[in-house]
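Data block below; observations after.
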Amino acid sequence: MKVMFVVTHLLGTGHLSRALTLGRAFAGAGHRVCVVSGGMPAPQLDHAGMDLCQLPPLRSDGVDFTRLLTEGGVPADASFLAARQAALLEEFRRFCPDVLITELYPFGRRSLKAEFLNLVTTAKAQQAPPVVLSSIRDILAPPSKPAKAEEAEAVVERYFDAVLVHSDPSATRLDVSWPVTPQLAGKLRYTGYVAPPAAGPHPVGEGKGEIIVSAGGGPVGQPIFHAAIETARKMTNRRWRLLVGGADAPARAAELQALAANAPVLAEPARPDFRAMLYQAAASVSMCGYNTALDLMQAGTPSVIVPFDDGKEVEQGLRARALSGMPGFAVVESVDLTAENLERALSKVMRDPPRDSGGLQFNGAAESVRIAEELEALR
């Protein structure tokens, strides 16, 4: 069957990364996959074996997700958004999917509501409509008003065959962050976490014994990097490796390296072998996005989490609190991020007993394929 993913990442690259992981699972099962990306190009992410269609790209204005900027940094006007909609519908008609999967919508991406709604309306109007699925992570940004949840549920009821919830329900159910009515519950299909196969230890030992500091693939995390440098001046018995994301990563890494001066710090752009480096690291300091949390759980790395909370974001905080009861995890809120608190938290997690995440379901990609195949066979 032909499977189309539609995803727009606006700040980091986590949404696109998860869609590509799902796409690889479908491609590996023998299906043809097209991923339509509406965020900024992310050439570091692997899309081998899939068609990748890039819409005219957008990004948020920092954490203001209601203000959308073009690649040139100017606000997206009506003509720009119309061109995106036209390009999206053209790709939909060209590819003619059997299964259409929207990443996050209608539970998010409200600033692009017209674009997504036009797509699913067009899909359901086809003579042989595709199976339409929503793909969402374990924890969502809770709706600020009941009307937003009601609107999302109405869209699901009218246009979507099911909602793929990429979580292990024994660990985190959707109602932790989103109101789940009996009607919505009937549409939910828990898949387990969507994670690539465990990376295993780095083949040449990169990261061994180090404290690895990361902030995802976007242009954020400066407070974490600055606090890490100050802590490295106090904890000089370890090498600290700062992995910097975003399009300007080389320049930012150079600035951080200069700031570190004689501290035991290496600052460099984010690396594709990051996941393997975690296995032999002494500890990790990071935010708590979906993909990072799964990497840490798979690797078992002692981890200090600094949840991203700019712009009233609460998703990472909810996830961090869910993880904090496991050995080897500690949470430092951004308001409390100091060298002293970071040193204390690192000392704690490195003393904790090893944790075992073997009971959690990490087969969400394969289960998503199974569910889509099952629904497509019934249409």
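What to note about this one:
- Filtered residue count, the stretch 111-147, keeping only those that are crowded, with 16+ Cβ neighbours inside 10 Å, under 21 Å from residue 66 (Cα atoms) and of a type in the set (D, E, K, R): 2
- The set of residues in the stretch 173-195 being in contact with a strand residue (DSSP E or B) (Cβ under 9 Å, 6 or more places away or on another chain) and either over 17 Å from residue 322 (Cβ atoms) or open to solvent by less than 20 Å² (accessible area, probe 1.4 Å) (or both) consists of 174, 178, 184, 187, 188, 189, 191, 192, 193, 194, 195.
- For residue 82, the conditions (1) under 23 Å from residue 120 (Cβ atoms); (2) small (Gly, Ala, Ser); (3) more than 18 Å from the chain's Cα centre (by Cα); (4) part of a loop (DSSP other than H, G, I, E, B) are fulfilled apart from (4).
- Looking across the stretch 335-379, the residues that are of a type in the set (Ser, Thr, Tyr) and over 19 Å from residue 292 (Cβ atoms) come down to 338, 347, 368.
- The single condition from (1) closer than 20 Å to residue 216 by Cβ; (2) touching a strand residue (DSSP E or B) at 6+ places or on another chain (Cβ under 8 Å); (3) among the small types (Gly, Ala, Ser); (4) open to solvent by 20 Å² or more (accessible area, probe 1.4 Å) that residue 62 fails is (2).
- Residue count, the stretch 362-379 (criterion: under 21 Å from the mean Cα position of the chain (by Cα), at pLDDT below 95 and of a type in the set (A, V, I, L, M, F, W, C)): 1
- Restricting the stretch 148-168 to residues that are part of a loop (DSSP other than H, G, I, E, B), within 17 Å of residue 367 (Cα to Cα) and open to solvent by less than 40 Å² (accessible area, probe 1.4 Å) leaves a set whose member that is modelled with the highest pLDDT is 167.
- Residue in the stretch 366-379 that is surrounded by fewer than 14 Cβ atoms within 10 Å (Cβ to Cβ), out of contact with any Gly (no Cβ under 9 Å at 6 or more places or on another chain), closer than 25 Å to residue 164 by Cα and touching a residue at least 12 places away in the same chain (Cβ under 8 Å) present: yes
- Output for the stretch 302-334, where each listed residue is in contact (Cβ under 8 Å) with a residue 60 or more places away in the chain, open to solvent by less than 20 Å² (accessible area, probe 1.4 Å) and closer than 23 Å to residue 240 by Cβ: 306
The values are calculated or read from the model by the stated rules, or taken from the named source; none is laboratory data. Values in this document were obtained by computation on a predicted structure and should not be read as measured data. For neighbour counting, all protein chains shown are included, and Cβ atoms are generated from backbone atoms with ideal geometry for every residue, glycine included. Heads up: the accessible areas ignore ligands, DNA and RNA and are worked out on the full protein's heavy atoms, side chains in. Shrake-Rupley method; radii C 1.70, N 1.55, O 1.52, S 1.80 Å.
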